[in-house]
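The values are calculated or read from the model by the stated rules, or taken from the named source; none is laboratory data. Only a predicted model underlies this, so the values are computations on that prediction, with no experimental measurement involved. Cβ sites come from the backbone with ideal geometry, for glycine too, and all protein chains shown count toward neighbours. Note: areas computed on protein heavy atoms with side chains; ligands, DNA, RNA excluded. Shrake-Rupley method; radii C 1.70, N 1.55, O 1.52, S 1.80 Å.
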Amino acid sequence: MRKKLIAANWKMYKTPDQTREFFREFLPLVSAHNRDEVVVCPPDIDLAAAVEATKSSNTAIGGQNVHWKPEGAFTGEISAAMLLALGVTHVIVGHSERRQYFCETDDTVNQRLKAALEAGLTPICCVGEVLEEREAGLTDDVLRRQCVRAFHAVSAKKAAKLVVAYEPVWAIGTGKTATPELAAEAHAVIRREAAEIFGEDFAANLRILYGGSVKPENASALMAQEEIDGALVGGASLDAKSFAAIVKY
Ligand code: PGA
């Protein structure tokens with residue numbers, strides 16, 4: 001049995017004060033909830049406040065990106081060691097907004113993923129096709145390519161903590177959700193590719209999250225799919241009640 005992981009991706013929203021306010025409201029709503037793992041990934045500026053606010057709770061904190069070097073002249077970046085020093089345990093890698101707007105490539109995703117794994121962080125590695133690729137029937141090829149390149153030179157042993165998020169780009173922030181069946185099909189493609197790369201046992205235990213307009217209204221249908229091992233939630237994670245409802249789907 002794979003334990004589900006429900007993750008919030010706050011993107012570029014909320015100040016430290018708003019972060020504290022969120023957890024004041026959110027934590028009591030989910031305090032009795034131990035079924036799944038819960039992670040919130042706020043902007044870097046809020047990480048310290050988030051770690052402090054969630055101490056001795058069942059919610060973990062993640063970053064939204066990580067650089068592959070331990071330190072250096074890389075303006076605007078953050079290292080795995082810096083995240084760890086704050087008490088951060090998870091990190092999103094290769095989100096489609098990074099790929100679309102900040103020149104993130106399959107190669108840099110691979111480097112970031114390796115750095116996160118090496119440091120002992122739990123990476124949530126995002127893959128997903130854009131609308132034109134889906135319409136051209138290229139979804140499976142795109143997912144396979146993104147996986148092969150992201151996992152390049154990563155051993156199954158090193159990858160033990162790896163989590164993958166399938167996020168069809170056309171479903172992110174658009175209100176369009178992949179149907180549970182369509183998401184499950186894509187997850188199966190990713191799992192098969194993971195089996196090729198890391199072996200059957202690894203693939204059977206690999207958690208693959210779905211992301212793209214997950215809301216309280218569609219969470220339970222998505223989570224009911226055996227292939228779907230959790231969710232990566234953007235917009236609907238910004239409101240404490242709404243994210244708590246998703247956590248408790
Ligand atoms: P969304 O974002 O839930 O707002 O569609 C998901 C994501 O980008 O991770």
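Which members of the stretch 8-31 meet the condition of being hydrophobic (A, V, I, L, M, F, W, C) and either touching a Lys or Arg at 6+ places or on another chain (Cβ under 9 Å) or within 24 Å of Ala81 (Cβ to Cβ) (or both)? Even if it seems obvious, please write down each step before you answer.
Step one: filter the stretch 8-31 for residues hydrophobic (A, V, I, L, M, F, W, C), giving 8, 10, 12, 22-23, 26-27, 29-30.
Passing the criteria: Ala8, Trp10, Met12, Phe22, Phe26, Leu29, Val30.
Scanning the stretch 167-184 for residues that are of a type in the set (Gly, Ala, Ser) and more than 20 Å from Glu227 (Cβ to Cβ), which turns out farthest from the ligand (Cβ to nearest atom)?
Restricting attention to the stretch 167-184, the residues satisfying the condition of being of a type in the set (Gly, Ala, Ser) are 171, 173, 175, 178, 183-184.
Right, trim to more than 20 Å from Glu227 (Cβ to Cβ) and you get 173, 175.
On the way: Gly173: 4, Gly175: 8 Å.
Going through the qualifying residues, I end up with Gly175.
Which residue, of Asp239, Asp201, is farther than 18 Å from Gly94 by Cβ, within 14 Å of the ligand (Cβ to nearest atom) and open to solvent by 30 Å² or more (accessible area, probe 1.4 Å)? Spell out how you get there, then give the answer.
Working: Asp201 fails: within 14 Å of the ligand (Cβ to nearest atom).
Selected residue: Asp239, the only one of Asp239, Asp201 that is farther than 18 Å from Gly94 by Cβ, within 14 Å of the ligand (Cβ to nearest atom) and open to solvent by 30 Å² or more (accessible area, probe 1.4 Å).
Out of everything in the stretch 22-47 that is part of a loop (DSSP other than H, G, I, E, B) and within 14 Å of Asn9 (Cα to Cα), what residue ends up being nearest to the chain's Cα centre (by Cα)? Steps first, please.
Here is the first cut: in the stretch 22-47, the ones part of a loop (DSSP other than H, G, I, E, B) are 31-36, 42-43.
Then keep just the ones that are within 14 Å of Asn9 (Cα to Cα); that gives 42-43.
Numbers: Pro42: 12, Pro43: 14 Å.
Filtering the stretch 22-47 for residues that are part of a loop (DSSP other than H, G, I, E, B) and within 14 Å of Asn9 (Cα to Cα), the one nearest to the chain's Cα centre (by Cα) comes out as Pro42.
Please state which of the following conditions Leu47 fails to meet, knowing it meets all the rest: (1) in contact with a strand residue (DSSP E or B) (Cβ under 8 Å, 6 or more places away or on another chain); (2) touching a residue at least 40 places away in the same chain (Cβ under 8 Å); (3) within 23 Å of Ile208 (Cβ to Cβ); (4) more than 16 Å from the ligand (Cβ to nearest atom).
Failed condition: (3).
Could you please give the count of residues in the stretch 56-68 that are touching a Leu at 6+ places or on another chain (Cβ under 8 Å) and either open to solvent by 30 Å² or more (accessible area, probe 1.4 Å) or of a type in the set (D, E, K, R) (or both)?
Matching residues across the stretch 56-68 total 1.
I need a count of the residues in the stretch 227-236 that are more than 13 Å from the ligand (Cβ to nearest atom) and either assigned to a helix (DSSP H, G or I) or open to solvent by 20 Å² or more (accessible area, probe 1.4 Å) (or both). Let's see the steps before the verdict.
From the stretch 227-236, those more than 13 Å from the ligand (Cβ to nearest atom) are 227-229; that's our starting set.
The next check asks that each one be either assigned to a helix (DSSP H, G or I) or open to solvent by 20 Å² or more (accessible area, probe 1.4 Å) (or both); those that pass are 227.
Residues in the stretch 227-236 being more than 13 Å from the ligand (Cβ to nearest atom) and either assigned to a helix (DSSP H, G or I) or open to solvent by 20 Å² or more (accessible area, probe 1.4 Å) (or both): 1 in total.
Which members of the stretch 6-15 meet the condition of being in contact (Cβ under 8 Å) with a residue 40 or more places away in the chain and either farther than 14 Å from Ile208 by Cβ or over 9 Å from the mean Cα position of the chain (by Cα) (or both)?
Passing the criteria: Ala8, Asn9, Trp10, Lys11, Tyr13, Lys14.
Among the residues of the stretch 211-226, write down those that are away from the ligand (no atom under 14 Å from the Cβ) and surrounded by 19 or more Cβ atoms within 10 Å (Cβ to Cβ). Give the derivation first.
Of the stretch 211-226, the ones away from the ligand (no atom under 14 Å from the Cβ) are 220-221, 223-226.
Met223, the sole residue that qualifies.
Out of Ile208, Ile190, report the one residue that is touching a residue at least 40 places away in the same chain (Cβ under 8 Å), open to solvent by less than 30 Å² (accessible area, probe 1.4 Å), away from the ligand (no atom under 13 Å from the Cβ) and part of a helix (DSSP H, G or I).
Ile190
Mind checking which residues of the stretch 56-95 are without any contact (Cβ under 8 Å) to a residue 24 or more places away in the chain and farther than 21 Å from Leu113 by Cβ?
Of the stretch 56-95, the ones without any contact (Cβ under 8 Å) to a residue 24 or more places away in the chain are 56, 70-77, 82, 85.
Across the stretch 56-95, the qualifying residues are Ser56, Ala73, Thr75.
Among residues belonging to the stretch 1-44 that are among the β-branched types (Val, Ile, Thr), open to solvent by less than 10 Å² (accessible area, probe 1.4 Å) and away from the ligand (no atom under 16 Å from the Cβ), point out the one that is nearest to Val66 (Cα to Cα).
It comes out as Thr19.
Ala53 fails exactly one of the following numbered conditions: (1) open to solvent by less than 30 Å² (accessible area, probe 1.4 Å); (2) without any contact (Cβ under 8 Å) to a residue 40 or more places away in the chain; (3) touching a Lys or Arg at 6+ places or on another chain (Cβ under 9 Å). What is the number of that condition?
Result: Ala53 fails condition (1) only.
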